[in-house]
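What follows is calculated from the coordinates using simple rules that are stated; it is not laboratory data. These numbers come from a predicted model, not from an experiment. Glycine gets a Cβ as well: all are built from the backbone with ideal geometry, and neighbour counts include every protein chain shown.
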Amino acid sequence: MKAQFEKEQSASGEFQRQEDAFRHWISSDGSTDYPAVADRYHLYISLACPWASRTLIARKLLGLEQIISLTVVDPVRDERGWAFRDPNSGSNRGAGSLRGVGSTEPEAREPFAPTDPINGFHFLAEAYEVSDPKFDGRVTVPVLWDKQTRRIVNNCEDDICRMFNDAFRALAQNKEMDLFPKDIAAEQEKLSAFIYDKINNGVYKAGFTTRQHVYERACNQLFHALDQLEEQLARSRYLFGTRIVETDWRLFCTLIRFDVVYYIHFKCSLRRILDYPNLQGYLIDLYQHDGVAETVDFDHIKRHYYMTHEKINPSRIVPVGPILDLAREHGRARLGAE
């Protein structure tokens, strides 16, 4: 298998994530070429990917399932990139046994297909090639596709979550849900940037480095950030008091993968999230939020990381654990009591 992140590693061994290639905007006021209308756009995601999972959560919470269609790619990626494969063949046989002994997490609610039902693609790379024949970067998820013009509108999870929240608000079932409240806009943007740099991307900077000192620096920055949030969450149920915003979900998507993957696979092993009382309670609280458990699939998560990153895990053996209890009482409601 070819190394898939070689272009994103500097000469000093640091992981430098590529920029998103498609940043077109959907609007509700006709100010762009892409109007917010029902059944025009299609979301391609992987249940394994934290960036893509955040858009899936936004789609779920806002109630946009009937407005924006969805396809889930196979979790095991090779040199050809994300693929659409038959769930009953190849790398997917017997996958259910990898969820972990004693786990209480539900199976995936979103099926994936042997070919893309929208375009008949076999690989997501085909969507990139159709949209930009000169594209030569790494094919990533999420992808928001325009079924009318047959091209990618946007492949930036930050943009997609914002468009779901703002441009599609009139079409959303849950119009009262606001993932980007205007009264905390500046503060939220600052904290989101911190979480992205030190935690969301921080685990990758530790996991994909090729130098010991770079790894140690990345790990120290990651756990210093987690320590700060552990302290903050001792006083506040969520990152911004009693309301849940998009920043919470960007943190959640890393926390839910941490003990399962990043602690072992990316060597982020100073502490588990389980060792942080407030972060662990916060994680369970968010996991138990209506509809969120349906977006989490530990089988997809574990098979993707352990089987795809062959340079990090040459044996491609997938751990059977850890045992997780995300159904237990979290005790966080006391922090929201008036």
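Side notes on the structure shown:
- As a proxy for reagent exposure, ranking Val130, Val143, Val73 by other Cβ atoms within 10 Å from fewest up yields Val130, Val143, Val73.
- Each of Phe180, Phe164, Phe121 was scored by other Cβ atoms within 10 Å of its Cβ. Listed from fewest to most, they are Phe180, Phe121, Phe164.
- For Leu70, distant residues with modelled amide H under 5 Å away: Leu43
- With Cα atoms defining each centre, region 248-312 and region 155-172 are spaced 24 Å apart in the structure.
- Amide H contacts of Ser27: Thr32, Tyr34, Ala36, each under 5 Å away and 5 or more positions distant or on a separate chain (H built 1.01 Å from N in the peptide plane; Pro and chain starts excluded).
- Gain on full stretching of the segment that runs from His224 to Glu176 - 0.36 nm per residue minus C-alpha separation: 13.8 nm
- Each of Lys267, Lys198, Lys175 was scored by other Cβ atoms within 10 Å of its Cβ. Arranged with the fewest first, they read Lys175, Lys267, Lys198.
- Between His213 and Leu274, the distance separating the two model label sites (each 7 Å from Cα on the Cα→Cβ line) works out to 3.5 nm.
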